Amino acid sequence: MTGPAVTGPAQPAPAKINLALHVTGRRGDGYHLLDSLVVFTELGDRVTVSPGKLSLTVTGPFAGAVPPGDDNLCLRAARVMGAEAAITLEKHLPPASGMGGGTADAAAVLRALGCTPDRPEALGADLPACLLSRPLRMQGVGEVLTALTLPPLHLLLVNPGVEVPTPAVFAALAHRDNPGLPPLPAAPDAAALTDWLRNTRNDLQPAAIRLAPVIADTLAALDRAGATFSRMSGSGATCFGIFPDAASARAAEGRIAAAHRDWWVRATETIPGLSPAPAQG
């Protein structure tokens with residue numbers, strides 16, 4: 001069988017941020033049901049594919065943290081589509097950080113190949129959302145998506161340098177049957193969206209803090225730096241702060257980075273979305 005053509009252009013793999021994440025149940029097969037508001041940022045990894053035998057080369061500041069074996073999501077995505085391609089991944093996001101990094105990388109491979117599997121969520125719960133990389137309400141196990149129009153947000157992302165395994169966080173949950181998201185206001189501006197977020201949760205945050213108390217320190221640092229709202233993304237340990245403008249986010253970046261030289265600290269902005277997702281194939 002001939003696989004998809006290798007198209008070659010570099011593809012961004014934007015960081016996914018869970019602005020809100022409610023755990024609403026668990027299926028009989030053990031997968032948790034979620035109701036989450038997700039956005040994507042200008043910041044992220046970058047993927048290039050070129051003709052050649054299936055392979056993965058990793059560069060960038062977090063190259064050493066990427067599993068090199070056949071189970072890597074970039075390679076798995078190409079294999080599912082029957083593609084032979086030499087994949088280069090520029091890894092700029094810290095690993096196991098709650099920003100969908102590995103899944104976003106796999107989505108970028110699929111965009112470069114110009115196709116997706118029939119059930120992309122089988123490769124990762126975040127994969128359908130990462131293929132679109134736009135503001136979304138994500139429900140079910142990640143396969144039920146509602147496109148949203150949200151205002152741009154100026155964010156400061158901070159990771160305190162600890163990895164929090166997602167299975168351990170879910171195992172530490174106190175409650176798995178929580179209410180879903182409240183109704184989102186129509187056409188909110190940044191202030192209205194931030195107010196709405198105050199009535200939402202990340203149900204994984206308390207469990208993650210019990211496993212890695214430094215997450216609480218990270219949130220406190222964002223608040224002291226002037227964030228109008230702060231929360232952990234995904235299963236952690238990356239936290240985000242919302243700031244009124246890019247200048248205040250950059251100023252906070254400088255203050256936190258100077259005080260915590262071993263933390264990963266980056267100011268960024270949300271994006272409206274990438275090109276339309278490729279057709280199912």
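The values are calculated or read from the model by the stated rules, or taken from the named source; none is laboratory data. Note that the coordinates shown come from a computational prediction; the quantities given were computed from them, not determined experimentally. All Cβ positions, glycine included, derive from the backbone under ideal geometry; neighbour counts span all protein chains shown. Surface areas here come from the heavy atoms of the whole protein model, side chains and all, with no ligands, DNA or RNA. Shrake-Rupley method; radii C 1.70, N 1.55, O 1.52, S 1.80 Å.
Taking Cα atoms only, the orientation of helix 101-113 departs from the longest principal axis of the chain by about 40 degrees.
Database remark: amide H of Gln11 closer than 5 angstrom to the amide H of Val47, Thr48 (H placed geometrically; neighbours at sequence offset of 5 or more, or on other chains; Pro and chain starts carry no H). The charge dipole of the stretch 226-266, taken about its Cα centre with unit charges on the Cβ atoms of Lys, Arg (+1), Asp and Glu (-1) only, comes to about 40 debye.
Only DSSP H runs of four or more residues enter the estimate; each adds -39500 (n - 2.57), and after division by the residues of the chain the mean residue ellipticity at 222 nm equals -7500 deg cm²/dmol.
Projected onto planes of every orientation and averaged, the convex hull of the alpha-carbon atoms in the chain covers 14.2 nm². In the complete set of protein chains, residue-level accessible area for Asp177 is approximately 130 Å², probe 1.4 angstrom.
About its Cα centre, the dipole of the stretch 85-224 is roughly 80 debye, where the only charges are +1 on Lys and Arg Cβ and -1 on Asp and Glu Cβ. Of all DSSP-defined beta bridges confined to the chain, some 85% are antiparallel rather than parallel.
Here the chain is treated with +1 on each Lys and Arg Cβ and -1 on each Asp and Glu Cβ, and its dipole about the Cα centre works out to around 100 debye.
When a/c reaches 1.5 or more, the comparison of a/b and b/c decides; with that in mind, is the stretch 124-164 rounded, prolate or oblate per its Cα gyration tensor?
Values: a/c = 2.82, a/b = 1.27, b/c = 2.22.
The shape class here is oblate.
The relative contact order of the chain comes to 24 percent, based on Cα pairs under 8 Å that sit 6 or more residues apart.
Normalised by residue number, the volume inside the convex hull of the Cα atoms of the stretch 1-133 is 112 Å³ per residue. When peptides 147-154, 212-219 are sorted by average Cβ neighbour count within 10 Å, with the highest value leading, the order is 212-219, 147-154. Can you tell me the 0 to 90 degree angle between the C-alpha axis of helix 246-259 and the longest principal axis of the chain, rounded to 10? Relative to the chain, helix 246-259 is tipped by roughly 80 degrees. Just to confirm my numbers, what's the Cα centroid distance between the stretch 64-110 and the stretch 114-165 in Å? Measuring centre to centre over Cα atoms gives 15 Å. Local charge sum around Phe229 (other residues, Cβ-Cβ under 13 Å, Lys/Arg +1, Asp/Glu -1)? So the surrounding residues net to +1.
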